Amino acid sequence: MAKYDPKAVEAKWRERWERDGTNKVDLDRAERPFYNLMMFPYPSAEGLHVGNVFAFVGSDIQGRYRRLLGYDVFEPLGFDAFGMHSENFALKRGRHPAEMVPENIAHFREDQLKRIGLMVDWSRQVDTTVPEYYRWTQWMFVTLMKNGFAYRDRGQVNWCPGCKTVLAKEQVIDELCERCSSKVEKREMEQWFFRTTAFKDELLDELDRMDWSERTKTAQRQWIGRSSGADVSFRIEGGPELRVFTTRPDTLFGATYMVVSPEHPVLDEITAPGREADLAEYRRRAASLSESDRQDEKREKTGVFTGAYAVNPVNSARIPVWAADYVLMGYGTGAIMAVPAHDSRDHEFARKFDLPIVQVVSAPPGAPDVREEAYAGEGKLMNSGSFDGLEAKSEGIPAVVEMLAREGKAEFKTMYRLRDWCVSRQRYWGPPIPVVYCEKCGAVPVPEKDLPVLLPYIEDFKPDGSGSSPLKRHAEFYNTSCPECGGPAVRETDVSDNFLCSAWYFYRYPSVEFGDRPFDAERTKKWLPVDLYVGGNEHAVLHLLYSRWLCKALNKAGFLDFSEPYRRFVAHGIIVKDGGKMSKSKGNIVNPDEYVGEYGADAFRVYLMFMGSYLEGGDFRDGGVKAMKGFLDRLVAACSPASGPLDPSPPAGAETLFWLNSTVKAVGHDIERFSYNTALARMMELVNHITKHKIRSREISSILARLVSPFAPHLAEELWESLGNAGSVFDSSWPAYDEDMIRRPEVEYVVQVNGRVRDKLTLAIGLAPEEIDAQVLASPTVMKWIEGKELVKKIYVPDKLINLVVK
RNA sequence: GCGAGAGUGGCGGAAUGGCAUACGCACUGGCCUUAGGAGCCAGCGGCCGCAAGGCUAUAGGGGUUCAAGUCCCCUCUCUCGCACCA
């Protein structure tokens, strides 16, 4: 090929791919299906972010590589365009999201995504905001409802008094409203919930067997937050039983007081006469505190004595009951037994209010006194009656619980942090929740034949402060008739959480043409679960957990025959600029279009993959893209017939064959482990080698075109064509390598004396130790170091190294 | 606080327990050029040395090993996740 002009080359191949349908795969005839999924973007008005490009290119490389290996690769992409982002941005611009979103999508796809050369079949694009899509999002809701996975309950929402609206959790930053910086309050409202807790154990246990990064798994484990312990009942003098959850029932003898959450209803029953005013005051103050204030660890503990006493079931000790906001109503039973000697929070509280601290687990010598600091480690029980001497956790826990269980005062219990998923959003820009409320029939799901419930185009989509969706103001939407009894009814006016749209989108891609079902059974059987899912770890919990959960629910309901949606998930890293996060305020946002325009998409792709680790993230430097353009220029110059005739016979030199074969091996291996930077470094070495030795080889050129094709697809196509090949390079195959060529007849032995490199000898491979010795001992350099010393030991590493140990 | 990951030249970063610093950037010198924000060649961790060579160096300290950036223990620093979760 002639002088490499990325602009012309890339435009040419963009058109060619589109014309020939190069990126399409026959979904029904594919014999070796490989579903290569990347997390679909939210099409922001700001345009594609360099982080998106980084993520997509890394995924695209896998898709293209797999295709060259002979797989039928399906690589779709779409747009996640419902939600707060779009709605708020439209509000800010004084425009309507229904107008802005299609514009943004068109810009993303036509001007940006198509330019970076992804192997995407755009005929299968998904857009979550079109009725053809959200009809099935609503179908998911209805299906979940019919199968007992959805229910209605009161729940807390974030309320912004400034904007007079409900905010999503993501819009609340440090307890302040993202838009007006007012302090966000909690409000109780009727909400729809999905029973994510129905599969809490499956969601947790299956993680152990999953091919995900440890980082991602840990995030999910923490979110589900399973902990095992016991429920213990304490009797309150003259009052009811008070149940607590504890992970350390072995420390019961050290429980010197109890604490209940200020929201706990039992307070109304147990507060002693004369204490009511203090309690009421404390509870009012606690209610007014924001969650972050309340959970601020640096904040001093507060609390108030209820005047009530409880009886410790193990030793009948009379212990006071306090109310304090360090105990949360939302976890466990909302009440705890406090063991200040062995829990740092209880310890802090006990010190502040001068409550007794009783040590019941022996600490190792040298540990601080429990009056100074709580001891949470291992040890033997003490001050615990007949349990003294037992190993606290391993022996004490079962012994204490079993004793109390016989009296019906305790049972083993497992606690979770995971909560059911609140899916109601009192906003406009989302799929209306497909439910009708009838006085006679209650909450009725909209029949499938009536889906979708269309989101009406309304001008006043701004939230008004009523706490309801703007849709509630529209009688023509709001008023309807009951699908069951035909009587007057009203529609649910909330829309569903954006995460519902994205929890199932990958089922839709292979089935987009089916207008009468969310996903086709045959297609799903063939293409799912997803073979490889690549995306950001910021979705480690919410999106990935919700989509796993939905898969299990659909499986239980009989719609899927598998229960995990992704065979493999790989989290890519985050790009920073000059060592820091990119942000508008720092003004260090990288605009991909500028680089693509100046150096070409291929150079930009190659730079993003070269600048650092794909899995850990990298540091974007301005000069880098240009340097990669230089590499591509050198590659073209070394490989192209236009820069001089290529030798048609295979390269002859053993050294060149070694480089060629070891590069092919290493590049494939590196792509498989997502080590793109080293794969590129290997290719650079090969290019350097053939440039330096002025090797002009058709075979090497053809191999290099294929090696670089996942990274620089346009350039690879051009090079491939210029070498006289018909058709796309992606319809060829990944080059093979010959292991024999990687084995050289002679290798450089490292000779160490006492572990330090003293000489290097070129020796034939496969030499016996005696033969090596003869050569090594003949070296004057080596002799200098062992002369006059006693040779104690010789270590041989075949074809690599010999270490002489001398004294 | 708990959990996960990381710390290597001026910079981005390489190294299945076996030659630390691959590859690239920046820099320095040279060639070519009317010119260079182009191209090519060479050098490039630190210290000593004309050189040959030697010593030293992977956050700090200890250990295992013939051999440690890599494995183990302690300390420090940074990033991410969870966080008054009993």
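All of the numbers you see were taken from the coordinates with simple rules; none came from a lab. Owing to the predicted nature of the structure, the values given are computational and were not obtained by experimental measurement. Cβ sites come from the backbone with ideal geometry, for glycine too, and all protein chains shown count toward neighbours.
When the Cα positions of A:Asn677, A:Ile357, A:Tyr478 are compared along the charge dipole of chain A, A:Asn677 comes out farthest toward the positive end, with charges on each C-beta of Lys, Arg, Asp and Glu.
In this rough spin-label picture, where each label sits 7 Å from Cα along the Cβ direction, the A:Ala45-A:Asn383 distance is 6.4 nm. Placing pseudo-labels 7 Å out from each Cα toward the beta carbon at A:Tyr796 and A:Ala642 gives an inter-label distance of 5.5 nm. Beta bridges from DSSP with both residues in chain A: antiparallel share about 75 percent, rounded to the nearest 5. The orientation-averaged shadow of the Cα convex hull for segment A:538-583, equal to a quarter of the hull surface, comes to 4.2 nm².
Which angle between 0 and 90 degrees, to the nearest 10, do you get for helix A:713-722 versus the longest principal axis of chain A when only C-alpha atoms count? Once rounded, one gets 20 degrees.
Among the listed pairs A:Lys462/A:Lys552; A:Lys146/A:Lys217; A:Lys393/A:Lys413; A:Lys784/A:Lys807, those whose Cα-Cα separation exceeds 24 Å are A:Lys462/A:Lys552; A:Lys146/A:Lys217. Which residues does the label zone of A:Ala272 cover in segment A:234-256, counting backbone N under 17 Å from a point 7 Å along Cα→Cβ? Counting only backbone N, you get A:235-240, A:256. Taking amide hydrogens as placed 1.01 Å from N in the peptide plane, the amide H of A:Gly78 sits under 5 Å from those of A:Val126, each at least 5 positions away in sequence or on another chain.
In units of the rule-of-thumb radius 2.2 N^0.38 Å, segment A:334-487 shows an alpha carbon radius of gyration of 1.93.
Segment A:Glu110..A:Ala405, full-extension length gain: 99.5 nm, with 0.36 nm per residue of separation and the alpha-carbon distance subtracted. Subtracting the Cα-Cα distance of A:Val576 and A:Arg235 from 0.36 nm times their residue separation leaves 117.0 nm of extension gain.
Suppose a student asked you for the relative contact order of segment A:575-660, using Cα pairs under 8 Å spaced at least 6 residues apart; what percent would you report? Relative CO of segment A:575-660 lands at 25 percent. Angle between the Cα long axis of helix A:397-406 and the longest principal axis of chain A, 0 to 90 degrees, nearest 10? Approximately 40 degrees, to the nearest ten. When the square roots of the Cα gyration tensor eigenvalues are ordered a ≥ b ≥ c, the ratio a/c for segment A:35-149 is 1.5 or more and a/b does not exceed b/c, which makes its shape oblate.
Compute the FRET efficiency between A:Leu69 and A:Ala287 as 1/(1 + (r/R0)^6), taking r as their Cβ-Cβ distance and R0 = 56 Å, and round to the nearest 0.05. For R0 = 56 Å, the calculated efficiency reads 0.35. Rounded if a/c is under 1.5, else prolate if a/b beats b/c, else oblate: with a ≥ b ≥ c from the C-alpha gyration tensor eigenvalues square-rooted, which is segment A:520-617? Since a/c reaches 1.5 and a/b is larger than b/c, the shape of segment A:520-617 is classed as prolate.
The label-point distance for A:Lys760 and A:Glu748, in a model that sets each label 7 Å from Cα toward Cβ, rounds to 0.2 nm. Let me make sure I get this right: for segment A:481-534, a, b and c are the square roots of the gyration tensor eigenvalues over alpha carbons, sorted descending. Under 1.5 in a/c it's rounded, otherwise prolate if a/b > b/c, else oblate. Which is it? Since a/c reaches 1.5 but b/c is at least a/b, the shape of segment A:481-534 is classed as oblate. When the P(r) of segment A:336-385 is calculated, the portion above 15 Å amounts to 38% of the C-alpha pairs. Ordering A:504-511, A:444-451 by mean Cβ neighbour count within 10 Å, with the highest value first, yields A:504-511, A:444-451. Figure legend: label point modelled 7 angstrom from the Cα of A:Lys352 along Cα→Cβ; residues of segment A:303-325 with amide N under 12 Å from it are A:303-305, A:323-325. Taking chymotrypsin sites (Phe, Trp or Tyr not before Pro) across segment A:470-500, none is in a DSSP loop with at most 15 further Cβ atoms lying within 10 angstrom of its Cβ. Summarised as an ellipsoid, segment A:686-739 has semi-axes of 19, 13, 11 Å, derived from the eigenvalues of the Cα gyration tensor scaled by 5 and square-rooted, with the largest first. Each Lys and Arg Cβ is given +1 and each Asp and Glu Cβ -1; about its Cα centre, segment A:306-369 then shows a dipole of about 120 debye.
Under 18 Å from a label point set 7 Å out along the Cα-to-Cβ vector of A:Asp208, the amide N atoms of segment A:549-572 belong to A:564. What the Kirkwood sum gives for segment A:410-493 is a hydrodynamic radius of 14.8 Å, with every pair of different alpha carbons counted. Summing Cβ point charges (Lys, Arg +1; Asp, Glu -1) relative to the Cα centre of chain A gives a dipole of roughly 800 debye.
Take segment A:598-684, drop everything but the C-alpha atoms, weight them equally and run the Debye formula without solvent; then report log10 I(q)/I(0) at 0.24 Å⁻¹ to two decimals. The Cα Debye sum returns log10 ratios of -1.20. Angle check, please: helix A:50-68 long axis (alpha carbons) against the longest principal axis of chain A (alpha carbons), in degrees 0 to 90, nearest 10. Computed tilt is about 60 degrees. Placing R0 at 30 angstrom, the Cβ-Cβ distance between A:Ser394 and A:Tyr331 gives a FRET efficiency of 0.75 after rounding to 0.05.
Reported value for chain A: 235 Å³ per residue, from the convex hull of its C-alpha atoms.
The chymotrypsin sites (Phe, Trp or Tyr not before Pro) of segment A:562-669 include none that meets both criteria, a DSSP state outside H, G, I, E and B (loop) and at most 11 other C-beta atoms within 10 angstrom of the site's C-beta.
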